[in-house]
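Taking it in order: structure first as structure tokens, then the write-up.
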Amino acid sequence: MKFKNIKIKLLLFTVLINSFSSVQAQINWTQTKSEKSKISFKLPETPNIRNQELNGIKSEIFSHRDAANIYGIVASDFSAIDVDFNHSDPSEYYEQMKEGSLLSSDALLVSEQSVVYKKLLGKEIVYTMMLGKHEYTYFKRFFFKDQFIYQFTIGGPTRMKQVLLDKKMIFFNSIQFE
């Protein structure tokens, strides 16, 4: 009987902790909207924003780091080189972006899958990297819409995977294409 009570208490404690981490993950997230990049999303705080240009491709880069996780959004505008992803196959661009994400010598691709956002097909990769003595897991999504390539990334310590997964769902579900 004691063993059964311990199991029940442990189960309740686990449910409570998981519920708490999910609630903690979403408190006070801030909405960010970019007219320039035609997107909006939520992050735990207002992101750092910077602009860069490379070979005529202008990118708007949003980033945020909290105590455990990093967030990144890159919206690259290909209109200056006359590329429209609604009328071209983005496979080659996707492969290059994926390879660029895995450049670190200790980056390991864990999985790759297609994802859908309101009839817009995208790709998601999951990869790990060692930072110091700790393994970090990253979830990265790529979407190709109009003249833009969008990259959405969240990463954090693998040992805190449940918190990372809770925040991942909030972050990815908050993304809106304008």
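Here are some notes:
- Neighbourhood net charge (13 Å Cβ-Cβ; Lys/Arg +1, Asp/Glu -1) for V83: -4
- D_trans [Stokes-Einstein, Kirkwood Rh over alpha-carbon pairs] for segment 30-177, 10 °C, 1.306 mPa s, µm² s⁻¹: 100
- Cα-Cα pairs of segment 69-143 separated by more than 19 Å (percent): 43
- For segment 125-172, the square roots of the Cα gyration tensor eigenvalues, ordered a ≥ b ≥ c, give a/c of at least 1.5 with a/b no greater than b/c, which places it in the oblate category.
- Extending 7 Å from Cα along the Cβ direction at T46 and again at M130 yields two label points whose distance is 4.0 nm.
- Stokes-Einstein D (µm²/s) once Rh is taken as the Kirkwood radius of segment 29-68 over alpha-carbon pairs, at 10 °C in 1.306 mPa s: 141
- Computed from point charges on the beta carbon alone (+1 for Lys and Arg, -1 for Asp and Glu), the dipole magnitude for segment 30-177 about its Cα centre is near 640 Debye.
- Accessible surface of segment 79-165 [probe 1.4 Å, protein heavy atoms]: carbon and sulfur percent: 52
The values are calculated or read from the model by the stated rules, or taken from the named source; none is laboratory data. Predicted, not measured: the structure shown is a model, and the values here were computed from it. Here Cβ is always computed from backbone atoms with ideal geometry, including for glycine, and neighbour counts include all displayed protein chains. We work out accessible area using only protein heavy atoms, side chains counted, and drop any ligands, DNA or RNA first. Shrake-Rupley method; radii C 1.70, N 1.55, O 1.52, S 1.80 Å.
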